[in-house]
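Reviewing the structure listed below.
The values are calculated or read from the model by the stated rules, or taken from the named source; none is laboratory data. What you see is a predicted model; the values in this text were computed from it and never measured. In this analysis, Cβ positions are derived from the backbone assuming ideal geometry, glycine residues included, and neighbour counts consider all displayed protein chains.
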Amino acid sequence: MPNVQVSFDTDLNNARSESSLAINPNNLLQVVAASKKFADIHTYNFTLATEYSTDGGQTWSPSSALGLPQGATVMTDPTLAWDDSNNVFLVGLTGYNPPTWNTIGIVIYKSSDGGQTWSPPNPIHNSPGDDKQWAAGDAYPGSPFRGNVYAIWDNGGLAFARTTDHGASWQGTAGEAAGNIISTGTVYPEITVSDDGTVYVVSTDAVSVIEILASTDGGASFSARTNPATGITSLETAAPRVDGWPVLPGGSFRVITDPTVASRGGITVVAWADYREGASRIYFVRSTDGGMSWSSPSGQPLLTRPLPPGFHHVMPQMVVNGAGVFGCVYYEFGPKPTTNLIDVIMSISRDGGMTFDYSVVTDQPWDPKIDAPWSHGDQFVTFIGDYMGLDANPLAFHPVWTDTRTGIQELFTSAVPTCVFEFLNELDPAELALLRSFREETMTQSQLGKQISTLVDAHQAEVTRLLAADDELRVRAVDVLRRTFELVKSSQSSGPARVDEGLVRDIDAVADRLAVDGGPSLKRDIQRLRPRLQTIRGKTASELLD
């Protein structure tokens, strides 16, 4: 997993931390990253800055600078979200008077060119209590609220806003202005949208409880669901403290328990950093009924493998891709081998959030003491952010993190493969875009194409799990997919290739195995498709869909 540098600074005072990343759901080549950008690391003086990529995250360029609203000199807590019309929104928190940091309020920026330039600031809510915002967009084709973008933040309770007109206006729940309070008693909210349009908000009391709210009417109203976890041990209550801030043993950077949530296909997963083992570990719970019930009352460890003494995991971020593959990224802090350093870890679940693996993303650990900003001007408490960014496309998770390997706090990213089809992980962004265009545009123009697309959409998560569990089946399916993609590519040439007898035979073999191992619904849909598959022999990719 090659690491790619996102930001490029030469001034130690321009440290980068607390990042967000979002991929355009309509154009996987467009990726935007945002973070704090310090002006003075000793006085907690910073604003926000963004970078953009037009090649799927392989290379990055700085965006135009963000303007500040009148009276603001600083801005913090970046979060990004796309709508369904190629607009990306950045939500920031403005203030003045660092390092004390007096808050002004929540501000929105909009970009319609992939993050290269941004609109003037649009303040939607001003309150000295505003803090810790998060945003999410609904671009799901099957959602009745497709195109909405939602924001949540702290303000003596959970404050909410949404746009239903691509940022032209912002409002709260039904009949309320932007920033109305939808719940009290918790902090650190995160918001996400499931593929059916349900909006989930998780938060914590920063002591022992994780709570969740849900909206099934596009943010017009919210209702409480069963608490995902009670009896947790937050870092705020159990980790060592320096000048009032929780820190990890052997470290000076501040840490918190900040829950994260992802949901798709009826499965919702919530994760957080927990100190119940006398060290920070990532715990999680899983729901299959919209948050009405959860897999365990107080959560279970994300990892079943033992960790070496002195190791800690913090700042988890969870997302799920279109195949129902969940990914959780987090920092691992501990002796590497003797100096306390940080690696970025990615844990992936291909079984619907039941179990997670472990892989190291960073190709070298980094030192959080290097170029470390002082939190609120306190030289004894440093800052690497309270969270980092993560998004996914069909083939990879894309985290963005703080890293000091250059001698300056910079942003780095990587593409962590998610697909069990190893061949797809090797496609470059242009080939991936061709494959997606063929599926989403060309295939939808014919009855056979629609039938195949419907089967894939309905059973993608189940097929992914079956392939992950059967090496022989996966190898055969990969070979079929590779040869099919060559047909798609050749259809752009003057001498397109045709489906041969061997490909038809191998497609039948894969379908046979999936029908045997799959559930009744998958088996039924495969049988319905079989007669059409017998007609593809000798045709080009384009002729298949005539």
- request: Could you tell me whether THR103 is within 24 Å of the chain's Cα centre (by Cα), assigned by TED's automatic domain parsing to the domain that holds ALA224 and in contact (Cβ under 8 Å) with a residue 12 or more places away in the chain?
  value: no
task: Any residue in segment 526-537 that's in contact (Cβ under 8 Å) with a residue 60 or more places away in the chain and in a helix (DSSP H, G or I): show its pairings with residues that are among the β-branched types (Val, Ile, Thr) and surrounded by 13 or more Cβ atoms within 10 Å (Cβ to Cβ) at Cβ separation under 8 Å, as long as the two are six or more apart or on different chains.
output: LEU529/ILE452
task: Name every residue in segment 9-29 that is hydrophobic (A, V, I, L, M, F, W, C) and modelled with pLDDT under 95, in order of residue number.
output: LEU28, LEU29
query: Taking the stated definitions as given, is LEU411 under 29 Å from LEU90 (Cβ atoms), in contact with a Lys or Arg (Cβ under 6 Å, 6 or more places away or on another chain), modelled with pLDDT of 95 or more and in a strand (DSSP E or B)?
result: yes
- request: Among the candidates ALA39, ALA65, ALA72, single out the residue that is outside any loop (DSSP other than H, G, I, E, B) and among the aliphatic types (A, V, I, L, M).
  value: ALA39
- request: Go over the candidates ASP428, ASP357, ASP386, ASP371 one by one and state the one that is modelled with pLDDT of 95 or more and surrounded by fewer than 21 Cβ atoms within 10 Å (Cβ to Cβ).
  value: ASP386
- prompt: Considering segment 65-111 alone, what residues qualify as being of a type in the set (Asp, Glu) and closer than 18 Å to ASP40 by Cα?
  reply: ASP77
field: Scan of segment 137-160 for residues that are surrounded by 24 or more Cβ atoms within 10 Å (Cβ to Cβ), closer than 20 Å to ASP196 by Cβ and among the aliphatic types (A, V, I, L, M), ordered by number
entry: VAL149, ILE152
message: Take SER263 and tell me if it is touching a Cys at 6+ places or on another chain (Cβ under 8 Å), assigned to a strand (DSSP E or B) and in the same structural domain as MET388 (by TED's automatic domain parsing).
response: no
message: Condition first: within 20 Å of MET388 (Cβ to Cβ), in contact with an Asp or Glu (Cβ under 6 Å, 6 or more places away or on another chain), surrounded by 24 or more Cβ atoms within 10 Å (Cβ to Cβ) and among the polar types (S, T, N, Q). Can you find one or more residues in segment 259-282 that meet it?
response: yes
- prompt: Based on what the data block shows, is LEU80 more than 19 Å from the chain's Cα centre (by Cα), outside any loop (DSSP other than H, G, I, E, B), within 23 Å of TRP134 (Cβ to Cβ) and touching a residue at least 40 places away in the same chain (Cβ under 8 Å)?
  reply: no
message: Need a quick list: strands (runs of 3 or more DSSP E) entirely within segment 96-166 having at least 1 residues that are of a type in the set (Phe, Trp, Tyr).
response: 102-111, 131-137, 149-154, 158-163
- request: Go through the residues of segment 250-258 one by one and say whether even a single one is out of contact with any Lys or Arg (no Cβ under 7 Å at 6 or more places or on another chain) and free of Cβ contacts under 8 Å to residues at least 60 places away in the same chain.
  value: no
Segment 320-345, residues that are surrounded by 24 or more Cβ atoms within 10 Å (Cβ to Cβ), under 22 Å from GLU18 (Cβ atoms) and under 18 Å from the mean Cα position of the chain (by Cα): GLY327, CYS328, VAL329, TYR330, TYR331, VAL344
